[in-house]
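These notes concern the structure reproduced below.
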Protein chains: 2
Amino acid sequence: MTYNYNSEDKLLLAVDCIIFGFDQEDLKILLIKRNFAPQKGRWSLMGGFLHKEENLDGAANRILSSLTGIRNVYMEQLHAFSDVDRDPGARTVSVAYYALINIEDHSKKLTQHYSAQWFSLSDFPELIFDHNEMVQHAIQRLRYRTSTKPIGFELLPERFTMRQLQKLYEAILNEELDKRNFINKIHALDILNKLEEKDMNSSRKGSFLYQFDQEKYQKKTAEGFSFKL
Amino acid sequence: MTYNYNSEDKLLLAVDCIIFGFDQEDLKILLIKRNFAPQKGRWSLMGGFLHKEENLDGAANRILSSLTGIRNVYMEQLHAFSDVDRDPGARTVSVAYYALINIEDHSKKLTQHYSAQWFSLSDFPELIFDHNEMVQHAIQRLRYRTSTKPIGFELLPERFTMRQLQKLYEAILNEELDKRNFINKIHALDILNKLEEKDMNSSRKGSFLYQFDQEKYQKKTAEGFSFKL
DNA sequence: CCAAAAGTGTTTGTACTACACCCATGT
DNA sequence: ACATGGGTGTAGTACAAACACTTTTGG
């Protein structure tokens, strides 16, 4: 006997992306104004539907790049949202993803060409469907992941100052951190390269730039090191 | 303009459950032998398909109870698995769940009536499709969750000894723990009730029974306490 | 010379680790 | 009397938290 797959319900599988960015001060998410019914005119996450010939990671990347032009960024599957009435237009289940991008690389094009807009996490509009819930999930996951994996760097320029890094973690964790303790911790991890060059924008004295050393991190990881902040 | 949902692909959404049990020694998973094609005769997780009128949590519970008779146990969504060829019978996406059950409550009926079988995590058969990968994910999640939430108790009888609790955590973490340190840690959490009664099966002297105090835990949690093991 | 941010160590307390002996009981 | 598992405390170490002053330089 072969299982009769035909007797089972088929449905639409959506993918929605929470796109995080960081503007040196606040953690932000990228939203678009929906230009079709239902819920036309309201703010929404970037979304689309899974095609038969791709997997979810592929769909998430396709949707991200078609709606924002963004490619090759950190993405991670979050959770499947499946309430029966979540989308009044049709019975859909949505798998949420979150992405981390360096806001400076993309800012211009996004707002102009794609009519997407950045909103601070502390003040963003009501979203359609269950997208608010997705964002809350994403923040939780981001907090956990950034304190156990070195993915926070994805939100910063390639070269960054200690101050920027600290501000980033403060924004993610939503709490203030002690400057000396933070720097000591980062130094102890020993996965950054200190550059000769200074960033002269933020102060008269200037502050040294650092970059994440991917190779060193992987080597240490292979030897049993694990990132913990 | 209304979005044309009809132009999008529809597909089958499966739910597969990793069911964990603990037999005083080893962590185990419950498997069934598939009695239909494709892959008839091979071992598989408990699975089924999402119906239109239910959400995923509902489907997971329905599938669990229809295949095993088990109800009202701890379940948590794990991850969506979506490779295009994951199920050769049809294009499906599967959302994996894991469940924790007290093995003693269910053992008999399961093996007899439902022809399900327990396998030790250290020695279980090759599974169909991507089910092996699902099990690996589930173990990771279980390790994380049991060290940050008091859900390990779901795998034990309501009343248990310290030794049992320690053995459970050793099985989950797959490492030996120091008896005194473990007990000190548990006592420091202060979320168990020590009963007057002793369990006389394991030794001549007998060992005190404890139970998890859900109310106390919730009260402490509300006051800022967080479980950490 | 002053304002503004960068950079830098030490002390104190807390949490984790390692470790060994006596107790109670059934046979 | 002895074998079996149950129960208990402390000392040492490592990690986390609190904390304040000096440096640099553009205006």
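Just so it is clear, none of the values below were taken in a lab; they were calculated from the coordinates. Everything quoted here is computed from the prediction, not taken from an experiment. FYI the Cβ positions are ideal-geometry reconstructions off the backbone, even for glycines, and counts take in every protein chain you see.
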> Do you know which residues across the range A:192-228 are within 17 Å of A:Arg159 (Cβ to Cβ), within 13 Å of DNA strand D (Cβ to nearest atom) and without any contact (Cβ under 8 Å) to a residue 24 or more places away in the chain?
Replying inline: A:Lys198, A:Met200, A:Asn201, A:Ser203, A:Gly206
>> Against the definition (closer than 24 Å to B:Glu223 by Cβ and of a type in the set (A, V, I, L, M, F, W, C)), how does B:Leu177 come out, yes or no?
In response: no
> Filtering the range A:90-107 down to residues that are touching a helix residue (DSSP H, G or I) at 6+ places or on another chain (Cβ under 6 Å) and facing another protein chain (nearest Cβ under 7 Å), which residue is surrounded by the most Cβ atoms within 10 Å (Cβ to Cβ)?
Replying inline: A:Val95
> Which residues, counting only those in the range B:153-165, are surrounded by fewer than 18 Cβ atoms within 10 Å (Cβ to Cβ) and within 15 Å of DNA strand C (Cβ to nearest atom)?
Replying inline: B:Arg163
> Taking the range B:171-188 as the search range and keeping residues that are more than 12 Å from DNA strand C (Cβ to nearest atom) and surrounded by 13 or more Cβ atoms within 10 Å (Cβ to Cβ), which one is farthest from the chain's Cα centre (by Cα)?
Replying inline: B:Ala171
> How about the range B:34-80: which of its residues are of a type in the set (Lys, Arg) and more than 14 Å from every other protein chain (Cβ to nearest Cβ)?
Replying inline: B:Arg71
>> With the requirement that a residue be of a type in the set (Phe, Trp, Tyr) and without any contact (Cβ under 8 Å) to a residue 24 or more places away in the chain, what does the range B:36-82 give you?
In response: B:Phe36
> Could you say whether any residue in the range A:147-159 is in a helix (DSSP H, G or I), under 22 Å from B:Thr148 (Cα atoms) and within 16 Å of DNA strand D (Cβ to nearest atom)?
Replying inline: yes
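Name the residue that is farthest from the other protein chains (Cβ to nearest Cβ), counting only residues in the range B:189-225 that are within 12 Å of DNA strand C (Cβ to nearest atom) and among the polar types (S, T, N, Q).
This residue is B:Asn201.
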> Somewhere in the range B:132-143, is a residue within 14 Å of another protein chain (Cβ to nearest Cβ) and either within 16 Å of DNA strand C (Cβ to nearest atom) or part of a strand (DSSP E or B) (or both)?
Replying inline: yes
